[in-house]
Amino acid sequence: MDVELADRILEAAIEQAEKSWSEGGIPIGAALATADGTIVAAGHNERVQRGDPTAHAETVCFRNAGRRRDWGSLILASTLSPCPMCSGMAVLYGIRQVVIGEHTTFMGAEHWLAEHGIETIVLDDERCIALMKRLQETRADLWAEDIGG
């Protein structure tokens, strides 16, 4: 996958992460896009806002995408390495490519994506790292709650 395209899709996910943070939530965002980079759905972590432990950014993004038949042609971008639940959704719906903003603050189930033939590109994006470090430093309670620590 072209890094410029990956970065463009990640940009939509970062906007969602910032939105979540501005709402008092966990700053993780996700976006689904076509192969040419057209965003078809986006979402942000709403665990705090909804009181829903399953409202991860990727889950909300998939919900916002609605019923589709083209999952296998879409690219998923997430600001943070997808957890096992969110990686499982990518596997379940046949996503073939996942853009990961960063995995230094948290390593999700990337090995599972690889085991299912899903191409991943990790951008090590400083903006995504800064989002998680800000959460860890200013809201350690939310970090622990979300990551399960």
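The values are calculated or read from the model by the stated rules, or taken from the named source; none is laboratory data. Keep in mind that this is a model prediction, so the values were computed, not measured. Here the Cβ positions follow ideal geometry from the backbone for every residue, glycine too, while neighbour counts run over all protein chains shown. With ligands, DNA and RNA removed, areas are computed over all heavy atoms of the protein, side chains included. Shrake-Rupley method; radii C 1.70, N 1.55, O 1.52, S 1.80 Å.
Points to keep in mind about this one:
- In this structure, Val60 does satisfy being touching a strand residue (DSSP E or B) at 6+ places or on another chain (Cβ under 6 Å) and over 22 Å from Glu4 (Cα atoms).
- Among the residues of the range 57-74, the one identified as within 14 Å of the chain's Cα centre (by Cα) and of a type in the set (Phe, Trp, Tyr) is Phe62.
- Within the range 1-27, the residues that satisfy the criterion of being among the β-branched types (Val, Ile, Thr) and open to solvent by 10 Å² or more (accessible area, probe 1.4 Å) are Val3, Ile14.
- When Thr59, Thr120 are screened for being within 18 Å of Gln16 (Cα to Cα), among the hydroxyl-bearing types (Ser, Thr, Tyr) and crowded, with 18+ Cβ neighbours inside 10 Å, only Thr59 passes.
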